[in-house]
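The values are calculated or read from the model by the stated rules, or taken from the named source; none is laboratory data. Because the structure is a prediction, the values reported are computed rather than measured. Here the Cβ positions follow ideal geometry from the backbone for every residue, glycine too, while neighbour counts run over all protein chains shown.
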Amino acid sequence: MLLAVILAGAAAAVWYLRVGQWYESTDNAYLTGNLVEVSAQIGGTVVWIAPEQNQPVRRGQDLLRLDDGDELALLELRENELALAVQDVLSLRAEVERLQAEQRLKAVTLELAAAEYARRQRLFPRNMVSKEELDTARTRAREVRVALDAARLALARAQVRAGQQELAAHPAVMTAAARLRSAYRDWKKTRVVSPVDGEIARRRVQAGQQVEPGTPLFSIAERERGWIEANFKETQLRHIRPGQAVQISSDLYGGDLELRGRVDSVGTGTGAIFSLLPPQNATGNWIKIVQRVPVRIALEQGFDRNHPLPFGASLQVRVDTHQRGGPALLPAAAAAPVADVDVYGYQDDGVEELIARIIADASNTGAP
């Protein structure tokens, strides 16, 4: 028995020196990933739904449509307002031309009145005109001069309102165009698209349902960008470093599937500290509990469609810590963004062409 104990201790020591001290393992590990929540951007009644639960969707694919009757009516109103704004500006510029002609006419009238007054001034000393005729000519010249000044002020005011810029750059036209763009975007928002590639993890909406802005519609799982979250005891973290190799096995496939990964990063806090009610360890009845820290592990081969793992699947991970010289934290921020889901440019597609066409049509109204 003593010999058996000695041999077992020797075997355990050899195993620890050759294997045990170089590996850290845990079965508290799960597959997780991004669950993208798609919400309504505008209120309305659901009239069309494309995907069902668990179906794959592509980035930019139509998911849902709302009744767009009110939005189309408002868009038509904004189109008419833009056309009226263009015609108002054209009317102002025509008014400028009329006032310019009126100013020229009053300038000619003032020239004639001034000449008439000067002629009567020369004739008055010779008693060829009466004093009354001289006063009438002087008053007439003054009246025409005041009328000319008023015409100049009216022209200046009309020029300011009419502007000298291109028609599309006039403030009144730009204001109406901005209102049209907003109405156009509201109309486009009745069409809901998928921001990412993935699968419908949960459909939260039914046909005929009345939704408001911000109402959750779908949850999309990005399974191809999943990762493993392994919760190691804090006593196991001493030698775990980003970049270390990881062996992974799953309860779902057992020994039929062996996955490989790399340690991506070590969590910044324990699971307890991020819980809904963090522990108050300053109380007198504190009990020491070994905490667990989440370690993020990236899958090397990515998503295997022949052996899919659902989010939340239980895994066992084994980290090879032979390479212990690296930094414990990530060396620098990632150069690429974590997410880029800007697929909403479709909401502006065609609006500038629509504005240009309305301005052109309104400009040509009544043209010979």
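Structure notes:
- Considering the conditions (1) exposed (fewer than 13 other Cβ atoms within 10 Å of the Cβ); (2) in contact with a strand residue (DSSP E or B) (Cβ under 7 Å, 6 or more places away or on another chain); (3) assigned to a strand (DSSP E or B), Asp256 is excluded by exactly one of them, (2).
- Within the set Asp340, Asp349, the sole residue that is out of contact with any Asp or Glu (no Cβ under 6 Å at 6 or more places or on another chain), acidic (Asp, Glu) and at pLDDT 80 or above turns out to be Asp349.
- Residue within region 19-29 that is closer than 24 Å to Ala201 by Cβ, in contact with a strand residue (DSSP E or B) (Cβ under 8 Å, 6 or more places away or on another chain) and either modelled with pLDDT of 90 or more or among the aromatic types (Phe, Trp, Tyr) (or both) present: yes
- Restricting region 242-263 to residues that are charged (D, E, K, R) and at pLDDT below 90 leaves a set whose member that is farthest from the chain's Cα centre (by Cα) is Asp256.
- Here Pro216 fulfils each of the conditions (1) of a type outside the set (Ser, Thr, Tyr); (2) modelled with pLDDT of 90 or more; (3) crowded, with 18+ Cβ neighbours inside 10 Å; (4) in contact with an Asp or Glu (Cβ under 6 Å, 6 or more places away or on another chain) apart from (3).
Conditions (1) part of a loop (DSSP other than H, G, I, E, B); (2) out of contact with any helix residue (DSSP H, G or I) (no Cβ under 6 Å at 6 or more places or on another chain); (3) acidic (Asp, Glu); (4) closer than 30 Å to Asp197 by Cα, marked per residue:
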| position | (1), (2), (3), (4) |
| --- | --- |
| Gln280 | yes, yes, no, no |
| Pro294 | no, yes, no, yes |
| Leu309 | yes, yes, no, yes |
| Pro327 | yes, yes, no, no |
| Tyr346 | no, yes, no, yes |
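- Qualifying positions in region 153-169 - small (Gly, Ala, Ser), within 20 Å of Ala360 (Cβ to Cβ) and touching a residue at least 12 places away in the same chain (Cβ under 8 Å): Ala162, Gly163, Ala168
- Where Ala176 falls short, out of the listed (1) under 24 Å from the mean Cα position of the chain (by Cα); (2) surrounded by fewer than 20 Cβ atoms within 10 Å (Cβ to Cβ); (3) closer than 30 Å to Val89 by Cα; (4) of a type in the set (A, V, I, L, M, F, W, C): (2)
- Those residues of region 233-242 which are surrounded by 14 or more Cβ atoms within 10 Å (Cβ to Cβ) and assigned to a loop (DSSP other than H, G, I, E, B), in sequence order: Leu237, His239, Ile240, Arg241, Pro242
- Residues in region 84-99 that are surrounded by 15 or more Cβ atoms within 10 Å (Cβ to Cβ) and more than 30 Å from the chain's Cα centre (by Cα): Val86, Asp88, Val89, Leu90, Leu92, Arg93, Glu95, Val96, Leu99.
Yes or no, residue by residue, for (1) part of a loop (DSSP other than H, G, I, E, B); (2) under 40 Å from the mean Cα position of the chain (by Cα):
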site: Leu7; (1), (2): no, no
site: Tyr30; (1), (2): no, yes
site: Val36; (1), (2): no, yes
site: Thr45; (1), (2): no, yes
site: Pro51; (1), (2): yes, yes
site: Gly60; (1), (2): yes, yes
site: Asp70; (1), (2): no, yes
site: Leu74; (1), (2): no, yes
site: Leu82; (1), (2): no, yes
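- Residue in region 274-296 that is within 34 Å of the chain's Cα centre (by Cα), small (Gly, Ala, Ser) and at pLDDT below 85 present: yes
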